[in-house]
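Reviewing the structure listed below.
Read-outs throughout are calculated quantities, based only on the coordinates presented, and are distinct from any laboratory measurement. From a predicted model like this one, the values you see are computed outputs, not experimental measurements. Cβ atoms come from the backbone with ideal geometry, glycine included; neighbour counts cover every protein chain shown.
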2 protein chains.
Amino acid sequence: MRNTQQRRIILKKLKKHKDHPGADVIYSEVRKELPNISLGTVYRNLEMLSEKGTILKLEFGSNQKRFDPCPEAHPHFRCLSCGRIEDIPGGMELPPVEEKTWSKGKKITGYNLEFTGYCKKCSKNLK
Amino acid sequence: MRNTQQRRIILKKLKKHKDHPGADVIYSEVRKELPNISLGTVYRNLEMLSEKGTILKLEFGSNQKRFDPCPEAHPHFRCLSCGRIEDIPGGMELPPVEEKTWSKGKKITGYNLEFTGYCKKCSKNLK
DNA sequence: CTGAATGCAAAGCCTTTGCATACGG
DNA sequence: CCGTATGCAAAGGCTTTGCATTCAG
């Protein structure tokens, strides 16, 4: 994997995010430093980085894929109103899956867990 | 909400599924009984039914939305190789979220949990 | 009757891909 | 040098939507 300028800056921008941006957000931010970068390159790099395990690709109930600079699987919270995605701190432990009967014969490699609801701001506006 | 022939048959077809079909699968099955139904109608109905809480819309890491005739949130297993989605039996209980600090100020309405890996068949082929 | 639901087709959104060119190691 | 990565633009997959028409209640 080559260490290109594009890849370096994409990763740098992603790492600054606490929210979990989509490719479009990363694209427009990287464009400030590399005005000629193409959206395709952003997609290719985010994909590649998540395959290598450097970042995490989130594919939850949003029509857009989001990216997380932290590569370890961890739970998220998604606001159904504004779409905001937050990390849930403090590794929430899941029941061990290996010994469960449903997992017999399967090879479990990971999990995705998200809680849905309304964030602080949005739950105020709901009332 | 009107009780149209289309809606009735869409629901009937979905209920026969143990796997979790996408709109396209439902469409082609309903077409056998209603050759003139349109894909748009299938989408509109599946959407409507999931909003009413009759069925469940699954939006996990697949580019396609899948539907589950069982309306209660429950964990799933998704095969990374063949895309198959299975229910995980026996309500896997999650840690209660209400008292957690991260949920302060939020209104939590649900969760999505899926395990990923390789199903029986695919894990054999992998070796 | 009347508004909710349908069929049709076009448009939308996000993402992927083919290809010639550029550039990192 | 060589092959990976890029930029560009077009195509792709799934889903949504506008509009005239139909049909359930």
Quick note on B:88, A:85, ordering by fewest other C-beta atoms within 10 Å, gives B:88, A:85
Take B:8, A:31, A:2 and order them by how many other Cβ atoms sit within 10 Å, fewest up front.
A:2, B:8, A:31
Gaussian network model of chain B, springs between alpha carbon atoms under 10 Å - residue of B:41, B:54, B:101 with greatest fluctuation
B:101
Among B:52, B:12, B:100, whose mean-square fluctuation peaks in a Gaussian network model of chain B (Cα, cutoff 10 Å)?
B:100
Could you work out the mean count of beta carbons from other protein chains within 10 Å of each residue's beta carbon in A:113-122?
6
Could you work out which residue, out of A:53, A:40, A:22, moves most in a Gaussian network model of chain A, that is, has the largest mean-square fluctuation with Cα springs under 10 Å?
A:40
Could you tell me which of the pairs A:65/B:65; A:13/A:52; A:12/B:107; A:100/B:104; B:57/B:100 are separated by over 21 angstrom between their Cα atoms in the structure shown?
A:12/B:107; A:100/B:104; B:57/B:100
Give me the lysines in straight-line cross-link reach of residue B:106: C-alpha distance below 22 Å, same-chain residues under 8 apart excluded.
A:18, A:120, A:121, A:124, A:127
